[in-house]
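K.L.:
Pasting a structure here, questions to come.
The values are calculated or read from the model by the stated rules, or taken from the named source; none is laboratory data. What you see is a predicted model; the values in this text were computed from it and never measured. Methodologically, a virtual Cβ is constructed for each residue, glycine included, from the backbone with ideal geometry; neighbour enumeration extends over all protein chains shown.
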Amino acid sequence: MNKPLNILIITGLFTSICLIVVLTCTYLIFSQPKRNGEVKIAGLEDKVNIYFDNHGRPHVYAKNLHDLLFTQGYLTAQDRLFQIDVTRRAAKGELAEILGKSGLVRDKFARNIGLLKSAQDELENSSKETLEILNYYSKGITAYIEKHKYNLPLEFRILNYRPKPWKPIDSIVLVKQIAEVTDTSWQLDLIRQEIYQTIPHDRADELFEQNFPGNPIINYDAKKYLVFDDYILKKPNLLQRWNTIRQKVALRKILEAPYFKIKKTIIEAADFLRNGSDRWEGFNWGSNCWVLGVNKSKNPILANDPHMELANPSFWYPIHLIDKKDDINVLGLSIPGIPGILIGHNKKIAWGITSLSADVQDVFVGDFKDKDSLTYKNGASWETAKVIRSKIKVKNQKKPYIHETILTSCGPILDRDGSKALALKWSIFDTKGYDSVSAIWGLVKAKDWQDFRSVLKKYNGSTLSFHYADIDGNIGYQAVGIIPYRKDGIGSLPISGFSCNEHWLGNIPYEKLPHAYNPKAGYIVSANNKVVSSDYGYNLGNNFLSPFRAVRISTLLSQKDNFDLRTNQEMQKDLYSWVANYLTVQILEAYYKSKMSSKELLPVIQLLSKWDFNLNVNSPQALIFEKTYENLFKKILSNKLGKNLSNNYLKEWRAGSLALIKILIDEDKFWLPSGVKNHESLLLLSLSDAVKEIKSLTKTNDPTKWEWGKYHTLTIEHPFSKALPILSPLTNVGSIKVGGDRDTISAFGTNNNLKVVWGPSARVVIDLKNFNNAHVQIPLGTSSQLGSPYYKDQTKGWVENNDEPYVYDEKFVTKSAKETLVLKPR
């Protein structure tokens, strides 16, 4: 090819790229919503004033409840329209309509698990007040869609479609969709069964350890239950204390249910909403939350940082809602598409959440008469399954896909292999008497502990731990959600047959769910750990996370009094790792005991001996620990489980670090890989292999130049960035160096390449005596509109956990307003 032609081609490509960039930027400018001046909208009853602060966070002043909810919906659509539309499509099984065949697998799974049906059932049982709330909110979203149908966000232009009007059912189905993300024990049940069939049962028990000395429980006395780090780091003391609380898990007959190998496509569909393809450590839809009473803090304080996938846009939408006529003044974090505030405060109380991690799902493996039959065996009788046929629209296809959902008395069939089938029983299908939207909205007007507990009784979504604090200095805790009690106590393994009513005997009464009010310790902590002791009268399951975050939080809170807001913010950034402390001590003891002389390991050992066990971004020791931990755990597991089962365990089980610590303490030779004579040798072999990996990774043999944060990085990616890499500089945020890991208070989880995929989806600290100093930060920004000044402006403050407060009183709101928008009826 001649030179002039080359120049012509390059010039043409450059011109085309420039034209695309110019057109994209032009479209982004004209599609930005208005935040200043006046806008007339059909559907409003009266004028609404909206003040936006420096981060575009809205303060909404409405004159009635209708306009307040209408405006919440309108602003949510203004800033998060593509997010709420895609989320409702994922929940209802309508992605293929905009994505084509690639969305069909997810759509079929969504329709099988029945989120939409559960939402429809709950809608039918909703009160008149709830229906009004949903209608007002839905009208606001739809009003924005109608008004901006010709200048929608860029994502709609790229996919070439317009969103449908918002309906009340869409908000309820989003509540159910969140439960889908958090309630994943059915997958774990299948993995657990495979492990129990692979190794001796008592060894499998060790991999699913849930007890730990010093684990803080609800209503505990700090002196009785809290065990401090300097004590439990001593192996003999820890083993002795652990043995006193050890409980044999009363699992069902392990081989009672036949092994069922579920199709890979089903797992991929389930992982669609959890960034699941390359996780190597359990996905942590968790959180930290603690509340301090006046005997521990100058003022009552609530601190909350929910852990979720760090997605673009951010999961939460900050908003301040004021309606003086109805005595409403509430500020905090809403879930886009759902009316109300899930984390925040009103004039009297503040509340936050963590995932309770209760087991609310079981899988039943049963028999149909033959591979094509709808007749299944239920105990001694045969019954006919119900078939729900639905049409799934598929982009670029003339005819819809006809999907069949098969329902048994146990629930929907997830998968089928000949005459064998797998059914899912899930407590969110129990909708009678529950009204989740009413519960969430009820928090807006709750005035005290009694109000708080009363409104949450109606909640039927993911099981949550709600924390409470009020302006009078009271603190409390309430577990919420529908949790079954079972014939065999727990539901950790698949069950043989479709006689599910024999196994699920009812639900734990709300009054019997874990709760606490003004405990002696003066504070309450939950961090997805097991929140009850062995004498609690019901079984919440065996899916809790490792307790080390909760132990660290409780340790810090117990060590002093007079906490203030800033010290709580610093605690949220804490990077100390109890696991790193314990494992490093064992490595050092093994090295000195071996009396080995290794030029390769000596400088590493010298570094580790000087470490404070904080996983800072510039720490070489943190990188050494993390790679050693990974090597050690994989050597132990793959020796007995094989590579695939080991990976599945690490991917789904969220308390892996607790299992590893327990295995190391017991020092049982069962877990030693072939050719390794003892645990000291295993520790040093894992360290040596980690050092080799790090040298290859960093391209330097000098351990002082290794840095955890150089490889432990966060890039918050837009869903389109992989399909359209040219948009990545415009859409993605990062790369950001972060410290910590799964077990530090400042928690971050990674994929196979040490890239961070989950972490604090928000950081909230509320001073109950000074609401104008409430800190509410999210990873990106209020707006998901590309090109908006509020697209990623909160990232720096979120990382540092020290941004300007989200003020509350009107005089501060108006004074700090950067922009003011007035909505008027048309």
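K.L.:
Give 670, 720 a once-over and let me know the one that is hydrophobic (A, V, I, L, M, F, W, C), in a helix (DSSP H, G or I) and more than 27 Å from residue 600 (Cα to Cα).
P.N.:
Numbers: 720 fails: in a helix (DSSP H, G or I).
The conditions single out 670.
K.L.:
Would you mention how many residues in the stretch 606-615 are surrounded by fewer than 16 Cβ atoms within 10 Å (Cβ to Cβ) and either touching a residue at least 40 places away in the same chain (Cβ under 8 Å) or in a loop (DSSP other than H, G, I, E, B) (or both)?
P.N.:
Here is the first cut: in the stretch 606-615, the residues surrounded by fewer than 16 Cβ atoms within 10 Å (Cβ to Cβ) are 606, 609-610, 612.
Checking the rest, the ones that are also either touching a residue at least 40 places away in the same chain (Cβ under 8 Å) or in a loop (DSSP other than H, G, I, E, B) (or both) come to 609-610, 612.
Total satisfying the criteria: 3.
K.L.:
May I ask you to verify whether residue 487 is basic (Lys, Arg) and over 29 Å from residue 96 (Cα atoms)?
P.N.:
Numbers: basic (Lys, Arg): yes; over 29 Å from residue 96 (Cα atoms): yes.
Here the answer is yes, as residue 487 does meet what is asked.
K.L.:
Ok, one more. If I go through the stretch 631-640 residue by residue, how many of them are surrounded by fewer than 22 Cβ atoms within 10 Å (Cβ to Cβ) and either under 12 Å from residue 207 (Cα atoms) or within 27 Å of the chain's Cα centre (by Cα) (or both)?
P.N.:
Within the stretch 631-640, residues that are surrounded by fewer than 22 Cβ atoms within 10 Å (Cβ to Cβ) and either under 12 Å from residue 207 (Cα atoms) or within 27 Å of the chain's Cα centre (by Cα) (or both) number 4.
K.L.:
Given the criteria in contact (Cβ under 8 Å) with a residue 24 or more places away in the chain, crowded, with 20+ Cβ neighbours inside 10 Å, assigned to a helix (DSSP H, G or I) and among the hydrophobic types (A, V, I, L, M, F, W, C), does residue 190 qualify? Talk me through it step by step, then tell me what you get.
P.N.:
Values: in contact (Cβ under 8 Å) with a residue 24 or more places away in the chain: yes; crowded, with 20+ Cβ neighbours inside 10 Å: yes; assigned to a helix (DSSP H, G or I): yes; among the hydrophobic types (A, V, I, L, M, F, W, C): yes.
Spelling it out, residue 190 is indeed in contact (Cβ under 8 Å) with a residue 24 or more places away in the chain, crowded, with 20+ Cβ neighbours inside 10 Å, assigned to a helix (DSSP H, G or I) and among the hydrophobic types (A, V, I, L, M, F, W, C).
K.L.:
So residue 210 clears everything in (1) surrounded by fewer than 20 Cβ atoms within 10 Å (Cβ to Cβ); (2) modelled with pLDDT under 95; (3) of a type outside the set (D, E, K, R) except one condition, right? Which one?
P.N.:
So residue 210 meets the others, but not (1).
K.L.:
Would you call residue 80 surrounded by 22 or more Cβ atoms within 10 Å (Cβ to Cβ), in contact (Cβ under 8 Å) with a residue 24 or more places away in the chain, under 28 Å from residue 731 (Cβ atoms) and out of contact with any strand residue (DSSP E or B) (no Cβ under 7 Å at 6 or more places or on another chain)? Walk me through it before giving the result.
P.N.:
Values: surrounded by 22 or more Cβ atoms within 10 Å (Cβ to Cβ): yes; in contact (Cβ under 8 Å) with a residue 24 or more places away in the chain: yes; under 28 Å from residue 731 (Cβ atoms): yes; out of contact with any strand residue (DSSP E or B) (no Cβ under 7 Å at 6 or more places or on another chain): no.
No; evaluated as a whole, the condition is false for this residue.
K.L.:
Take the conditions part of a loop (DSSP other than H, G, I, E, B) and touching a residue at least 12 places away in the same chain (Cβ under 8 Å) and apply them to residue 373. Does it pass? I'd like the intermediate steps shown before the answer.
P.N.:
On the way: part of a loop (DSSP other than H, G, I, E, B): yes; touching a residue at least 12 places away in the same chain (Cβ under 8 Å): yes.
Taking the combined requirement at face value, the residue satisfies it.
K.L.:
Now for a different question. Would you check if residue 417 is modelled with pLDDT under 95, surrounded by fewer than 22 Cβ atoms within 10 Å (Cβ to Cβ) and within 17 Å of residue 124 (Cα to Cα)? Steps first, answer last, please.
P.N.:
Numbers: modelled with pLDDT under 95: yes; surrounded by fewer than 22 Cβ atoms within 10 Å (Cβ to Cβ): yes; within 17 Å of residue 124 (Cα to Cα): no.
For residue 417, the condition - modelled with pLDDT under 95, surrounded by fewer than 22 Cβ atoms within 10 Å (Cβ to Cβ) and within 17 Å of residue 124 (Cα to Cα) - is not met.
K.L.:
Consider residue 111 against the criteria (1) within 16 Å of residue 337 (Cα to Cα); (2) surrounded by fewer than 24 Cβ atoms within 10 Å (Cβ to Cβ); (3) under 25 Å from the mean Cα position of the chain (by Cα); (4) in contact (Cβ under 8 Å) with a residue 24 or more places away in the chain: it satisfies all of them except one. Which criterion is unmet?
P.N.:
(1)
K.L.:
Starting from the stretch 668-682, take each residue that is over 17 Å from residue 589 (Cβ atoms) and list its partners that are of a type in the set (Val, Ile, Thr) and part of a loop (DSSP other than H, G, I, E, B), counting only C-beta distances under 9 angstrom and pairs at least six apart or across chains.
P.N.:
670/199
K.L.:
Give the residue, chosen from 757, 738, 691, 776, that is more than 23 Å from residue 55 (Cβ to Cβ), crowded, with 17+ Cβ neighbours inside 10 Å and in contact with a Gly (Cβ under 7 Å, 6 or more places away or on another chain).
P.N.:
Values: 738 fails: more than 23 Å from residue 55 (Cβ to Cβ); 691 fails: in contact with a Gly (Cβ under 7 Å, 6 or more places away or on another chain); 776 fails: more than 23 Å from residue 55 (Cβ to Cβ).
The unique qualifying residue is 757.
K.L.:
Filter the stretch 793-826 down to residues that are crowded, with 22+ Cβ neighbours inside 10 Å and assigned to a loop (DSSP other than H, G, I, E, B) and give me whichever is nearest to the chain's Cα centre (by Cα).
P.N.:
Taking the candidates together, the pick is 794.
K.L.:
Where residues in the stretch 373-408 are out of contact with any Lys or Arg (no Cβ under 9 Å at 6 or more places or on another chain) and under 16 Å from residue 496 (Cα atoms), which of them is surrounded by the fewest Cβ atoms within 10 Å (Cβ to Cβ)?
P.N.:
Among residues in the stretch 373-408 that are out of contact with any Lys or Arg (no Cβ under 9 Å at 6 or more places or on another chain) and under 16 Å from residue 496 (Cα atoms), the one surrounded by the fewest Cβ atoms within 10 Å (Cβ to Cβ) is 380.
K.L.:
For the condition in contact (Cβ under 8 Å) with a residue 24 or more places away in the chain, of a type in the set (Gly, Ala, Ser), within 23 Å of residue 115 (Cα to Cα) and not in a helix (DSSP H, G or I), what is the one hit in 476, 489, 433, 506?
P.N.:
On the way: 476 fails: within 23 Å of residue 115 (Cα to Cα); 489 fails: within 23 Å of residue 115 (Cα to Cα); 506 fails: in contact (Cβ under 8 Å) with a residue 24 or more places away in the chain.
From the options 476, 489, 433, 506, the qualifying one is 433.
K.L.:
Of the residues that make up the stretch 274-290, is at least one modelled with pLDDT of 95 or more, farther than 30 Å from residue 186 by Cα and of a type outside the set (Gly, Ala, Ser)? Full working, then the answer.
P.N.:
The initial filter retains those residues of the stretch 274-290 that are modelled with pLDDT of 95 or more, namely 288-290.
Filter once more, keeping what is farther than 30 Å from residue 186 by Cα: none.
So far as the stretch 274-290 goes, no, none of its residues is modelled with pLDDT of 95 or more, farther than 30 Å from residue 186 by Cα and of a type outside the set (Gly, Ala, Ser).
K.L.:
Just one of (1) assigned to a helix (DSSP H, G or I); (2) touching a His at 6+ places or on another chain (Cβ under 7 Å) trips up residue 647, so point out which.
P.N.:
Failed condition: (2).
K.L.:
Something else about it: Out of 585, 579, I need the residue that is β-branched (Val, Ile, Thr), buried (at least 19 other Cβ atoms within 10 Å of the Cβ) and under 20 Å from residue 633 (Cα atoms). Which one?
P.N.:
Details: 585 fails: buried (at least 19 other Cβ atoms within 10 Å of the Cβ).
Among 585, 579, only 579 is β-branched (Val, Ile, Thr), buried (at least 19 other Cβ atoms within 10 Å of the Cβ) and under 20 Å from residue 633 (Cα atoms).
K.L.:
Does residue 750 satisfy the condition of being buried (at least 22 other Cβ atoms within 10 Å of the Cβ) and at pLDDT 95 or above?
P.N.:
Working: buried (at least 22 other Cβ atoms within 10 Å of the Cβ): yes; at pLDDT 95 or above: no.
In short, no.
K.L.:
Take the residues of the stretch 291-319 that are of a type in the set (S, T, N, Q) and closer than 30 Å to residue 734 by Cα: which is modelled with the highest pLDDT? I'd like the intermediate steps shown before the answer.
P.N.:
Initial filter on the stretch 291-319 (of a type in the set (S, T, N, Q)): 295, 297, 299, 304, 312, 314.
Within this subset, residues satisfying the condition of being closer than 30 Å to residue 734 by Cα are 304, 312, 314.
Details: 304: 99, 312: 94, 314: 96.
Among them, the one singled out is 304.
K.L.:
So, one more: Give the residues of the stretch 140-172 that are crowded, with 19+ Cβ neighbours inside 10 Å, among the charged types (D, E, K, R) and more than 30 Å from residue 64 (Cα to Cα), sorted by residue number.
P.N.:
155
Table: residues versus (1) in a loop (DSSP other than H, G, I, E, B); (2) surrounded by 14 or more Cβ atoms within 10 Å (Cβ to Cβ); (3) of a type outside the set (Gly, Ala, Ser).
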| position | (1), (2), (3) |
| --- | --- |
| 664 | no, yes, yes |
| 675 | yes, no, no |
| 734 | no, yes, no |
| 744 | yes, yes, yes |
